[in-house]
Amino acid sequence: MTRYCFPRQVRLLTAGDYQSVFNTTSAKVFAGEFLLLAKTQSNQARLGLIVSKKNDKRAVGRNRIKRVVRDSFRLHQEQLQGLDIIFLGRAGIKELDNPTLHKRLEKAWQQLAKKAQNKHPNEISTDKRQK
């Protein structure tokens, strides 16, 4: 059964968690109004959110963006297994409405999963190369 919650185990919590993703990024997806950075690790997918006051002055707007990103992440966390991901809001993100942001995030999650899989192919494909 899939759990669509956002507990502490699936969040990047400390500055060290964020710094490790920034220092050793293995996949990037730039989608105009936001940037996704990812680092592979062995546990479940984890998400960190950065939406600054520079991009939206009002806390209501920043919280709306973070809420939509968390919701989209919950729905796609199975395909993002084993990644530490940082969502970085960029200029112009506050002009996107919720359905548009959801669509762009869905496409970005798929691209990120594909790039991360290409960087670290599973064990079966390496066995085929050795034969």
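Just a few scattered comments:
- Selection from the stretch 102-118 of residues that are out of contact with any strand residue (DSSP E or B) (no Cβ under 6 Å at 6 or more places or on another chain), among the basic types (Lys, Arg) and farther than 22 Å from ARG67 by Cβ: LYS114
- Test result for THR100, assigned to a helix (DSSP H, G or I), modelled with pLDDT under 90 and of a type in the set (Val, Ile, Thr): no
- Selected residue [buried (at least 20 other Cβ atoms within 10 Å of the Cβ), of a type outside the set (S, T, N, Q) and either at pLDDT 90 or above or in a strand (DSSP E or B) (or both)] from LEU88, LEU49, LEU36, LEU80: LEU36
- Cβ-Cβ distances below 7 Å connect the following pairs, each with a first residue in the stretch 90-114 that is within 25 Å of LYS57 (Cβ to Cβ), a second residue that is assigned to a helix (DSSP H, G or I) and not acidic (Asp, Glu), and a separation of six or more residues or different chains: ILE93/ILE65; LYS94/GLY61; ASN98/VAL68; LEU101/VAL68; HIS102/VAL68; HIS102/SER72; LEU105/VAL69; LEU105/SER72.
The values are calculated or read from the model by the stated rules, or taken from the named source; none is laboratory data. Keep in mind the model is a prediction, meaning the values are calculated, not measured. As a convention, Cβ positions derive from the backbone with ideal geometry for all residues, glycine included, and neighbour counts pool all protein chains shown.
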